[in-house]
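The values are calculated or read from the model by the stated rules, or taken from the named source; none is laboratory data. The shown structure was predicted, so the numbers you read here are calculated from the model rather than taken from an experiment. Positions of Cβ are generated from backbone atoms using ideal geometry, with glycine treated the same way; all protein chains shown enter the neighbour counts. SASA here: full protein model, heavy atoms, side chains in, ligands and nucleic acids out. Shrake-Rupley method; radii C 1.70, N 1.55, O 1.52, S 1.80 Å.
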Amino acid sequence: MLKTLIAALALTAVGVSAQAAELKRQGTAQSIISRAVVVPPNATTVYVSGITPAPTNPTAPPAERVYGDTKTQTVSILKQIEEILKAEGMTMSDMAMLRVLLVGDPAMGGKMDFAGMNAGYSEFFGTAANPGKPARITSQVAALVSPAFLVEIEGQAAKVP
């Protein structure tokens, strides 16, 4: 009886490990984000600090650097995050959570360019190459560390061995 119980527990544990072999994403196929992402306890987690955009003209003196519109800045930041994850053996499909901070765009009367950010974001998530969609929050803030920045993104990625 004890051997049967031990065997049953072992099979249950194997079943649980097999089910926890990836991030569990909740949400609809139509949404560009997941409502929730469940990270199993054995996952490696990477916390990505707030990343700001790279200049579109990096050789220009600092006072003359240009960073582009909200979509351009979003793509720049997500490319940097992609490189950070690559250095850790991960891809954007391992992204579990993103926090997006947007400044009001002067070209839009001080309103955040949510559509522009989503356009850049959609190049990385919910695509044929990466169908995964992280959980996400997007907020408008008064300012970022540079008046030229319209976007800052931070997040967490997790990979199951």
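Numbers for the structure displayed
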read-out: Residue ID - surrounded by the fewest Cβ atoms within 10 Å (Cβ to Cβ), chosen from residues in region 129-161 that are hydrophobic (A, V, I, L, M, F, W, C) and within 14 Å of residue 91 (Cβ to Cβ); value: 129
read-out: Long-range neighbours under 6 Å by Cβ, at least six apart or interchain, first residue in contact (Cβ under 8 Å) with a residue 40 or more places away in the chain within region 95-109, second of a type in the set (Asp, Glu) and surrounded by 16 or more Cβ atoms within 10 Å (Cβ to Cβ); value: 99/154; 101/152; 105/113
read-out: Pairs where the first residue, in region 26-52, is within 14 Å of residue 131 (Cα to Cα) and in contact (Cβ under 8 Å) with a residue 40 or more places away in the chain and the second is basic (Lys, Arg) and open to solvent by 80 Å² or more (accessible area, probe 1.4 Å), C-beta under 9 Å, 6+ apart; value: 27/35; 37/24
read-out: Residue count for region 92-113, restricted to those that are under 20 Å from residue 135 (Cα atoms) and open to solvent by 70 Å² or more (accessible area, probe 1.4 Å); value: 1
read-out: Output for region 40-57, where each listed residue is open to solvent by 40 Å² or more (accessible area, probe 1.4 Å) and over 19 Å from residue 102 (Cβ atoms); value: 41, 42, 44, 45, 47, 57
